Structure formats: structure tokens, C-alpha cells
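Below you'll find the structure, written out as C-alpha cells, and then a few comments.
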Amino acid sequence: MIRDAILTDELLKFCGEIKVDEKLVGFADPKYFKDRYPEQFQPETYLTGVQTVVIIGFHLFDLGLDAWCLGNEENGSFQFVDQILVFICSRIRKFLTNKGYNSKTISYKAGLYLKETAALAGIGFIGRNNLLINEEYGPQVRFRALVTNAPLICGTPVNESDYCNSCNLCIDACPANAFPNGIYNKDLCNNYGYSNLKMVSKQTSIFCNACIQACIVGKKR
Ligand code: B12
Ligand code: SF4
Ligand code: SF4
């Protein structure tokens, strides 16, 4: 299959026009998911003939955007930054439709693993805090993905980085001690996070961010 450099450039240019930072847009080759994840987390499950997974990041420049609102029975709950990302995905899908390609936005929970997709697309590396770290913005980035049959030029997976070699700031900062022996434990994180939600209003709260805020990468942002 021949990948289309002109289409890739046009899409990146379009992303710039809708104010999505090029450093947070990535393209992952579905072949990298094959031996790594079960069927439910495979791009092909969501779009037959998929050629590219497009991953979009948004720099959380204000912590308020991280808030989840519990909503009501009619609307369900939503997160502010995620609503922005869903809107960006819909603009990109429209661009791809106009070029004659199919695409589908992947749901937040049941779909693809987002930070891993970003690492497979070359947007950054998985740090000691277990999160995707982008060189420009650090870990304070949130993601959404869409799958498409457009043959875009894909990035190179990033498997390691030197940043964390001599640093332990995120682990020291974790109020739940959720990194016993340096390995992330999701139950410890989950239990602490939900017992210590920062309430913004009656129905809106922010989960712990300590292992992000401690990170030195992207601090100038
Ligand atoms: C379930 C979930 C949670 C659960 C469980 C977390 C977990 N990691 O299991 C809870 C509620 C505890 C949680 C907490 C948080 N979460 Co959360 N969470 C998710 C969700 C929905 C799925 C995560 C998942 O299961 N990943 C897959 C498993 C396999 O990954 P893992 O075991 O964590 O990590 C492995 C891989 O990274 C792998 N690995 C290591 N190096 C490499 C390199 C490559 C190339 C690859 C492919 C893999 C790889 O090894 C790791 C260890 O096994 C994602 C959204 C999504 N759809 O992906 C968001 C997500 C991961 N969460 C996110 C965030 C920000 C948080 C919190 C900071 C809370 C907050 N304020 O939002 C904390 C941080 C916890 C931490 N330090 O990891 C962001 C991360 C953004 C980023 N920069 O990475 C995501 C992507 C959501 C988003 N909006 O963008 N989360
Ligand atoms: S989100 Fe908070 S509790 Fe979870 S690992 Fe990070 S610092 Fe620890
Ligand atoms: S705080 Fe240090 S060890 Fe933790 S993810 Fe950032 S660079 Fe790596």
C-alpha cells in the first residue's frame, strides 16, 4: 500500500487552521496494534479496511478543562476537554469525507488505548508516571482517536526515552504511593482519586493530577 504524503500534509495544514498543534497530531499504523492488544482494542474492529489511526492531543493549559460533570439522565456525564477533542475529531472527519475517505471517532472508554496509540504514532513516550509525555507539552495532554481508510504517512513508535533516567519527581509526588517498586498500580490510584475528588461544584469534579504536575518535561508551557 502506498501512503499519501500530499494528503498527510493537507490534513496537518487543516489541523493548523483549526488551531490544533501539529506536535499533538499523530498517525499510527494499525499493524503495530496486531500482536499487542485483544480484538476489542484493534483499529480493524472499528473500521473495515482501516489504514491509519489518527490521534489528536489537546494541551490542558487550564486545569478547569479536566473537570468531569456528572450531568443528568438525559445528557450523561462529560469532561470539558473531551468535548473539545470530540469536536476537533468531527472537523477532521469532515475533512476526510470531503477527500472521499471513511472515518470513525473512537469512543473514550471501550475503544483504543489512547496514550499507547500516541506513543505508537510517535507523539511522545510513556514516562515513569505511566503517562504519555510530549517533549513540548509534557504529560498535561489529553487524547482522542479516530480511524480512517485514508493512507496517511505514519509516525515511528517511541519505546523509550532518557528523560526519566535520573528523575523520580512524579513518583515522590503521588499522594497514594501508587508506584510500589516504581510500577504503577491502578487500584491504588483509582481508590485515592475517587476518594479525593476536587469538587468544583455540586456535580463537577477534578481527579488527581499530582503525577502530571510534578513532571519536569514541558514545564515551560
Ligand atoms: C481506565 C483509565 C484510568 C483508570 C485506570 C488507569 C490505568 N492506567 O489503568 C484510572 C481512573 C485510575 C485513571 C487514572 C488516571 N488517568 Co486515566 N484513563 C483510563 C483509560 C480510559 C484507559 C487506560 C488503559 O487501560 N490503558 C491501557 C493499559 C494497558 O495501559 P497501562 O497499563 O496504564 O500502561 C501500560 C502501557 O502504557 C505500556 N507501555 C509502556 N511503555 C509503552 C510504550 C509503547 C509504545 C506502548 C504501545 C505501550 C507502552 O506499559 C504500561 C504498564 O503496563 C484512558 C483512556 C483510553 N481510552 O485510553 C485514560 C487516560 C490514560 N487517563 C488519563 C489521565 C490524564 C489520568 C489521570 C492523570 C487522571 C486525570 N486527571 O485524568 C490518572 C493518571 C494515572 C496514571 N499515572 O497512569 C489520560 C492520559 C493522558 C496522558 N498524557 O497520558 C488518558 C489517555 C485519557 C485522556 N483523556 O486522554 N485512568
Ligand atoms: S493520578 Fe494521583 S493517585 Fe494516581 S498515580 Fe497520579 S499522583 Fe498517584
Ligand atoms: S517527573 Fe521525571 S520520572 Fe516522572 S515522568 Fe516526568 S521526567 Fe519521568
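Bear in mind that the values in this text are calculations on the coordinates, not laboratory data. Keep in mind that what you see is a predicted model, and the values were worked out from it rather than measured. Please note: Cβ atoms are built from the backbone with ideal geometry, for glycine as well, and neighbour counts cover all protein chains shown.
Couple of notes before you dig in:
- Percent RCO, i.e. relative contact order, over region 20-141, from Cα pairs under 8 Å lying at least 6 residues apart: 28 percent
- Summing charges over neighbours of Ala173, with a neighbour being any other residue whose Cβ is under 15 Å away from its Cβ, gives +1 when K and R count +1 and D and E count -1.
- Cysteines (scope the chain) whose Cβ has no counterpart Cys Cβ under 4.7 Å: Cys15, Cys69, Cys89, Cys154, Cys164, Cys167, Cys174, Cys189, Cys208, Cys215
- Between Ser201 and Asn102, residue separation times 0.36 nm minus the direct Cα-Cα distance comes to 31.6 nm.
- Phi-based couplings in Hz for region 60-69 (Karplus 6.51, -1.76, 1.60; Gly and Pro marked x): 7, 6, 9, 4, x, 5, 7, 5, 9, 9
- Separation of the Arg91 and Glu73 label points, Cα + 7 Å toward Cβ, nm: 3.6 nm
- Each peptide among 198-204, 72-78 gets the average number of other Cβ atoms lying within 10 Å of its residues, and from highest to lowest they stand as 198-204, 72-78.
- Bridgeable lysines around Lys99 (alpha carbons under 25 Å apart, same-chain partners fewer than 8 residues away excluded): Lys13, Lys19, Lys23, Lys31.
- Classification of region 133-221 by its C-alpha gyration tensor yields an oblate form. The axis ratio a/c (a ≥ b ≥ c) is 1.5 or more, and b/c is at least a/b.
- FRET efficiency, Ile6 to Leu63 (Cβ-Cβ, R0 45 Å, nearest 0.05): 0.70
- Label-to-label distance, nm, for residues given as Asp187 and Gln42 (7 Å Cα→Cβ offset): 3.1 nm
- The relative contact order of region 92-145 comes to 27 percent, based on Cα pairs under 8 Å that sit 6 or more residues apart.
- Mean-square fluctuations from a GNM of the chain, with a 10 angstrom spring cutoff on Cα atoms, peak among Asn181, Asn168, Asn134 at Asn181.
- Residue list for region 62-99, given a label point 7 angstrom along the Cα-to-Cβ vector of Ile18 and an amide N cut-off under 12 Å: 84-98
- Annotation: amide H-H contacts under 5 Å for Ala67 (H modelled 1.01 Å from N, sequence separation of 5 or more, or interchain): Phe80, Val81.
- Karplus-derived HN-Hα couplings along region 167-173 (A = 6.51, B = -1.76, C = 1.60, θ = phi - 60°), whole Hz, x at Gly and Pro: 9, 9, 4, 5, 5, 5, 7
- Per-residue ellipticity at 222 nm computed for the chain from its helices equals -8000 deg cm²/dmol, with DSSP H segments shorter than 4 residues left out and the rest contributing -39,500 (n - 2.57).
- Taking the chain and dividing mean pair separation by its residue count, relative contact order in percent (alpha carbons under 8 Å, at least six apart): 25 percent
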